[in-house]
Amino acid sequence: MPDAIEVRKVPLHTVSDASELGKLIDDGVMEADRVIAVIGKTEGNGGVNDYTRIIADRAFREVLVEKGADPARVKDIPIVWSGGTDGVISPHATIFATVPAEQAVATDEPRLTVGFAMSEQLLPEDIGRTAMVTKVADAVKVAMERAGITDPADVHYVQTKTPLLTIHTIRDAKSRGKTVWTEHTHESMDLSNGCTALGIAVALGEIEMPTDADVMHDRSLYSSVASCSSGVELDQAQVVVVGNARGVGGRYRIGHSVMQDALDQDGIWAAIKDAGLELPERPHHSDLDGRLVNVFLKCEASQDGQVRGRRNAMLDDSDVHWHRQIKSCVGGVTASVTGDPAVFVSVSAAHQGPDGGGPVAAIVDLGEDPTGYRG
């Protein structure tokens, strides 16, 4: 049985700041050598060349080593950064750490559990094709097992980081006589995310194995729990499975739902309720009372260029890419629900929730003295 989990959200005061993680360790909230995953937002451009992700990654790993964690182990901790805090979204990180068994709150109720795995190497010619789907699906199953989850229904959030295509990796594939799905590096971000989501959906039994032709084309195929990010930092799929299990103990629980479109506040509230919070019929962020740790969302501009029958210009805008526009929009909608601008809203949601919408996961604190944000 895996250990119980402690989870906290902390602000990033600068792009290279990990001081709040250090404070958590100094205050005894978590131990440096028990941190198992970090998922956060950085303030870069969110594109192929968003090096704020690398800067933040280094800062967090350095603090863990400084506070006594084994450097070799720290190197392998999954730290997933989503670049781009457009609009009101505030840079932050959500930190997951295990709790010693004697310190965990005992309960037979389902409580938060986390599992991690790395896939086989993803070659540039795999990206966007069924080879990638298979490799991701295999890694998800390993992460589930490590989380102590046997029923896919108990998985509520799968956060991944995968490679995208760069000029260098495209050239590498060609040198070996291989082809790539696209030679547009920015497009490959959507491609990598979407193909990864299909792998998650296959692993959890949400869909049957797709064909190469389905990738990025059949948007009826999607996962309701996938949150996929891509970058230049790695050449494997880094998979973090978050769900609930009985017997692990602890005070936190996770739930999920989907937003049907960019304005679907009810989808966000549904995820929070699914995590176990009792809320009024028409809730307000003041009803959360510090029990919401964080929400994690993916968003996508609808391919028909509309929201609720009204035309928008996001997909035609040559000045500001739609990635930044929809992220800003959904970030504002989400912050209005939670009352907290430090929300994990990530763009490029192909095959992650319905077209124009996206998955939502929510972690809540069911303890006596809740640790979430109070604005």
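The values are calculated or read from the model by the stated rules, or taken from the named source; none is laboratory data. Here the structure is a predicted model, which is why all the values come from computation and not from measurement. For neighbour counting, all protein chains shown are included, and Cβ atoms are generated from backbone atoms with ideal geometry for every residue, glycine included. With ligands, DNA and RNA removed, areas are computed over all heavy atoms of the protein, side chains included. Shrake-Rupley method; radii C 1.70, N 1.55, O 1.52, S 1.80 Å.
Values computed for the structure shown
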{"quantity": "Residue match in the stretch 188-202 (condition: surrounded by 16 or more Cβ atoms within 10 Å (Cβ to Cβ) and assigned to a loop (DSSP other than H, G, I, E, B))", "calculated": "no"}
{"quantity": "Residues being part of a loop (DSSP other than H, G, I, E, B), at pLDDT 95 or above and among the aliphatic types (A, V, I, L, M) - total across the stretch 89-110", "calculated": "1"}
{"quantity": "Counted residues, the stretch 111-132 - those being in contact (Cβ under 8 Å) with a residue 24 or more places away in the chain, of a type outside the set (Val, Ile, Thr) and not in a loop (DSSP other than H, G, I, E, B)", "calculated": "10"}
{"quantity": "Matching residues in the stretch 245-283 - criterion: being without any contact (Cβ under 8 Å) to a residue 12 or more places away in the chain, open to solvent by 40 Å² or more (accessible area, probe 1.4 Å) and not basic (Lys, Arg)", "calculated": "Asp266, Glu278, Pro280, Glu281"}
{"quantity": "Candidate set from the stretch 141-165 (those that are in contact with a helix residue (DSSP H, G or I) (Cβ under 8 Å, 6 or more places away or on another chain) and in a loop (DSSP other than H, G, I, E, B)); member that is surrounded by the fewest Cβ atoms within 10 Å (Cβ to Cβ)", "calculated": "Thr150"}
{"quantity": "Candidates Ala37, Ala93, Ala72, Ala56 - the one that is touching a strand residue (DSSP E or B) at 6+ places or on another chain (Cβ under 7 Å), closer than 20 Å to Gln238 by Cβ, free of Cβ contacts under 8 Å to residues at least 60 places away in the same chain and not polar (S, T, N, Q)", "calculated": "Ala56"}
{"quantity": "Within the stretch 87-105, considering residues that are β-branched (Val, Ile, Thr) and open to solvent by 40 Å² or more (accessible area, probe 1.4 Å), the one farthest from Val7 (Cα to Cα)", "calculated": "Val88"}
{"quantity": "Residue within the stretch 35-42 that is of a type in the set (Ser, Thr, Tyr) and either touching a His at 6+ places or on another chain (Cβ under 8 Å) or surrounded by fewer than 16 Cβ atoms within 10 Å (Cβ to Cβ) (or both) present", "calculated": "no"}
